[in-house]
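Worksheet: one structure, shown below.
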Amino acid sequence: MKERRYEIKFTFPINEGNQIKTLIKRSNLGFNEIYNPRKISSIYLDTINFKYGFENIRGFSERKKFRFRFYDDDMKKIRFEIKSK
């Protein structure tokens, strides 16, 4: 059975970003870093009519993302991904 992922999104003033980070790090909710710091670059693909972009904006819960992704400017290891939500 596929594990479901739930997200809750919040907005906050940009000048409070460091306070939010500190609050999360000090919490006992079990947040931790799973990767070393790295730069992630993604190139997303869409249809000529921007079908996937509009699905995202409209909040469709079931959609696909097509992207090329690479890390730390290492394009030798670029990979193509299809992500289904």
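The values are calculated or read from the model by the stated rules, or taken from the named source; none is laboratory data. Since we're looking at a predicted model, the values are computed, not measured. Neighbour counts are summed over all protein chains in view; Cβ atoms, including those assigned to glycine, are modelled from backbone coordinates with ideal geometry. These accessible areas exclude ligands, DNA and RNA; they are computed on the full protein's heavy atoms, side chains included. Shrake-Rupley method; radii C 1.70, N 1.55, O 1.52, S 1.80 Å.
Okay, here's what the table says:
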{"item": "Residue, most open to solvent (accessible area, probe 1.4 Å), within region 19-64, restricted to residues that are of a type in the set (Lys, Arg) and either in contact with a Pro (Cβ under 7 Å, 6 or more places away or on another chain) or closer than 19 Å to SER84 by Cα (or both)", "result": "ARG58"}
{"item": "Condition met for ILE82 (of a type in the set (A, V, I, L, M) and assigned to a helix (DSSP H, G or I))", "result": "no"}
{"item": "Where a residue in region 28-40 is farther than 16 Å from ASP72 by Cβ and its partner, wherever it lies, is open to solvent by less than 100 Å² (accessible area, probe 1.4 Å), with Cβ under 8 Å and at least six apart", "result": "PHE31/ILE24"}
{"item": "Residue under evaluation GLU16, criteria (1) open to solvent by 100 Å² or more (accessible area, probe 1.4 Å); (2) farther than 30 Å from PHE70 by Cβ; (3) modelled with pLDDT of 80 or more, criterion not met", "result": "(1)"}
{"item": "Restricting region 63-79 to residues that are more than 16 Å from the chain's Cα centre (by Cα) and touching a residue at least 12 places away in the same chain (Cβ under 8 Å), the residue that is nearest to THR47 (Cα to Cα)", "result": "ASP73"}
{"item": "Candidates GLU55, GLU33, filtered to the one that is of a type outside the set (Gly, Ala, Ser) and not in a helix (DSSP H, G or I)", "result": "GLU33"}
